[in-house]
Amino acid sequence: MTPFSLPPGNSQIKCVHSFDELVSTRFADGVNALCWQRTLPGDFGEIVQLLGSSGDSSEAITTLDEARLRRLPVSAEGRRAIDQLLADLELLRNHDLDPALNFISGYPRDDEPGPIPTDVFSFHADSAPVEADTFLCTYHGPTSEGVRNDEAQRRVDIPETRSELLKIFGGADNDDFREYLKENCYDLHYAAVSQARPFSFGLGNLWRIAIDYPGSPVPPCIHRAPATLPGQARLLLIS
């Protein structure tokens, strides 16, 4: 696995050296993404290949449980990879989280995206009504991408886009309109500026990223899922 390289000049990311440090470090002073850099043992590609050829993963996103992973006829290296997946799931569950391990061959796209696409391929921020974080780790396949907050603009703040949304809404730019934006998640999606330098989350690294919630001390981490192409399935842990 290729080690994660901290993007030059990006002060929003802090690298940590253990799971305890990952979960205990407070987001502050503009830092809204924590990365636990790891080089993991095992052959995760073997797991993906077996899942893709098994014929019972017709869904674009399949959530994997321990029983299914244990049934896979893997080599010793594949077994090491499975042990790592289960260990990560246990780490997060022991921290009172509800992680999911997903085999992803594709994501649903907006059939009619309108002025603002709201699928996971669009740069976006996660949100919650109470304090929370998002945890992510890509074990195989294309990785998630992030972009600095000062290299992105909320799409609803782009004048042309906002004007089009107002026409669809059919009302004034007031509290009702802002509630309309929130209900449709339009206010969570961003456009990268022309000089933006998106960065990869890398393989094997466990990330904890800030989300949008009332009273958050930092802006949310802006990120997106990678484009999915035939033959490039992902193995992703998310919570």
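Rule-based calculations on the coordinates, nothing more; no lab input. Owing to the predicted nature of the structure, the values given are computational and were not obtained by experimental measurement. Please note: Cβ atoms are built from the backbone with ideal geometry, for glycine as well, and neighbour counts cover all protein chains shown.
From the helices alone, meaning DSSP H stretches of at least four residues, give me the mean residue ellipticity at 222 nm for the chain, per-run term -39500 (n - 2.57), in deg cm²/dmol to the nearest 500.
Counting only the DSSP helices, I get -7500 deg cm²/dmol.
In a GNM of the chain with a 10 Å cut-off on Cα contacts, which of 153, 195, 49 has the highest mean-square fluctuation?
Among 153, 195, 49, the largest mean-square fluctuation in the Gaussian network model of the chain belongs to 195.
Hey, with R₀ at 45 Å, roughly what FRET efficiency would residue 227 and residue 175 work out to, going by the Cβ-Cβ distance, to 0.05?
Rounded to the nearest 0.05, the efficiency is 0.80.
I want to make sure I understand the PRE zone here: with the label point 7 angstrom from the Cα of residue 167 toward its beta carbon, which residues in the range 112-138 have backbone N atoms less than 14 Å away?
Counting backbone N atoms under 14 Å from the label point, the list is 114-116.
Which is the longest stretch in the chain that no exposed loop site breaks, taking sites as trypsin sites (Lys or Arg not before Pro) with a DSSP loop state and at most 16 other Cβ atoms within 10 Å?
110-239
State the label only: which of (i) 33, 22, 16; (ii) 44, 18, 16; (iii) 26, 22, 15 corresponds to semi-axes √(5λ) of the Cα gyration tensor in Å computed from the shown model?
(i)
When the expected Rg is taken as 2.2 N^0.38 Å, what fraction or multiple of it is the alpha-carbon Rg of the range 149-239?
1.34
Let's see if you can work this out: charge +1 on each Lys and Arg Cβ, -1 on each Asp and Glu Cβ, no other charges. What is the dipole magnitude of the chain about its Cα centre, in debye to the nearest 20?
Taking the Cα centre of the chain as origin, the dipole is about 700 debye.
Could you give the distance between the Cα centres of the range 204-239 and the range 139-197, to the whole Å?
That distance is 17 Å.
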